[in-house]
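To start, the structure itself, in structure tokens.
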């Protein structure tokens, strides 16, 4: 099968895998901003609060998709490298039906326990009704939210790069369009925002399933929707879950660190929160692009590992890391030069603009480090060593970050809190370099005549 995995030029292979994934992450970022933007047009603070409160619930649903999407991604890529097509087909089929079952279970649990879940999310009497309106349609769309977010990873693992990107862009674009229709034109408020989100994921899921049916009819031996192929065994399930759960926990831990940070910034008042909120939105661009690059290249690394092509794996890793660092350096330069101008796009008060501009420049210091951290994290996930990628995430969001926020807050108050991110990212980048160097020393290059039995 002549795919991107067989591309002789490593730089070309990295770009073919990485660029579409980066584009997909950008569309996701745009739709996240759009949800908040259209709800804010209602000028109803309780509605805006409800969307904010429900975001962690939506992230938890997406993290379930990561269990089977990211877990299946790593396993399938390595199986392809080992030329085990039958196992690829069975693993894909297991992940697909596991996501369907998980989505149905979340739908039922969400509908049955909606009010307690809304209460746990922080809803009060003022915004409870809006929160429940949002949650209702998110839970109804849970199967499609999980399938869409999971299938995009599975498609990448099999080299269906174009299809994975189109599906992601399609879902996010439809969400934005229907945000306008449901919220602005029909005045459905938070219910409209959630309905638009679920409908977008529904459309992308349909697109992915149509692609799978088309591939199966064309004789693709890797793709099947047949229930008869649903034959999970202990080793397969264990491999997917062992990689997928740490991947899902990454999202959860990121949410925890953001909550801690928001609480510390909140000490300095709403203006500080507003300034940081804008700076964080701007900083999300290099973050999402870096994540997209690492997620896009991960199947390539997994394939080379499974095929015993250690030298090509090393080249792909080094090339993508250099690209990531270079991309981060570009954003750092842009933020340093235009940070205040970027803040002025969102804010009108001069003092807030200057404060947010300073925050943008400060957060931008970590941008080049992202190319190292995210690529090393993706590397360990691709090799099936998910515990190490989880360890990096724990260090990033708990072990290093929380103490850094506490200490730097005592030393330099608000500026110290903001500085915690670049300080932690710099330290973590060094740790990641050491971890990768140690692991790559173990993963010795395999000669071509021994690649078939290198594992």
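Coordinate-derived values only; no laboratory data. Predicted, not measured: the structure shown is a model, and the values here were computed from it. No Cβ is skipped: glycine too gets one built from the backbone with ideal geometry, and neighbour counts run over all protein chains shown.
FRET efficiency for the pair residue 220 and residue 181, taken as 1/(1 + (r/R0)^6) with r the Cβ-Cβ distance and R0 = 45 Å, rounds to 0.80.
Residue exposure proxy: 131, 86, ordered by other Cβ atoms within 10 angstrom of their Cβ from fewest to most, comes out as 86, 131. Packing, taken as the mean count of other beta carbons within 10 Å per residue, orders the peptides 366-378, 403-415 from highest to lowest as 366-378, 403-415. Based on DSSP H segments of at least four residues, each scored -39500 (n - 2.57), the chain has a per-residue ellipticity at 222 nm of -28500 deg cm²/dmol. Legend: Rg and Dmax of the stretch 18-232, from Cα coordinates, 18.0, 58 Å. For the stretch 123-198, the Cα gyration tensor yields ellipsoid semi-axes of 29, 15, 7 Å (square root of five times each eigenvalue, largest first, whole Å). From the Kirkwood radius over Cα pairs of the stretch 234-357, Stokes-Einstein at 25 °C and 0.890 mPa s returns a whole-number translational diffusion coefficient of 140 µm²/s. Considering only alpha-carbon pairs that sit under 8 angstrom and 6 or more positions apart, the relative contact order computed for the stretch 121-239 is 30 percent.
Per residue, the average separation of C-alpha pairs within less than 8 Å and at least 6 apart gives the chain a relative contact order of 22 percent. The largest-to-smallest principal axis extents of the Cα set in the stretch 246-455 are 66, 30, 25 Å. Packing order of peptides 347-359, 292-304, highest average first: 292-304, 347-359 (average count of other Cβ atoms within 10 Å over each peptide's residues). Here 101, 140 are placed in order of increasing Cβ neighbour count within 10 Å, fewest first, which gives 101, 140.
Report the far tail of the P(r) of the chain, meaning the percent of Cα-Cα pairs longer than 29 Å. Across the chain, Cα pairs with separations above 29 Å total 48 percent. Considering every alpha-carbon pair of the stretch 95-135, the percent of pairs per 10 Å bin, from zero through the bin containing the longest distance, is 30, 40, 23, 7, 0. Between residue 125 and residue 83, what FRET efficiency follows from the Cβ-Cβ distance if R0 is 60 Å, with the result rounded to 0.05? Calculated value: 0.50. Contact order for the stretch 18-232, expressed relative to its length and based on alpha carbon pairs under 8 Å spaced 6+ residues apart, stands at 30 percent.
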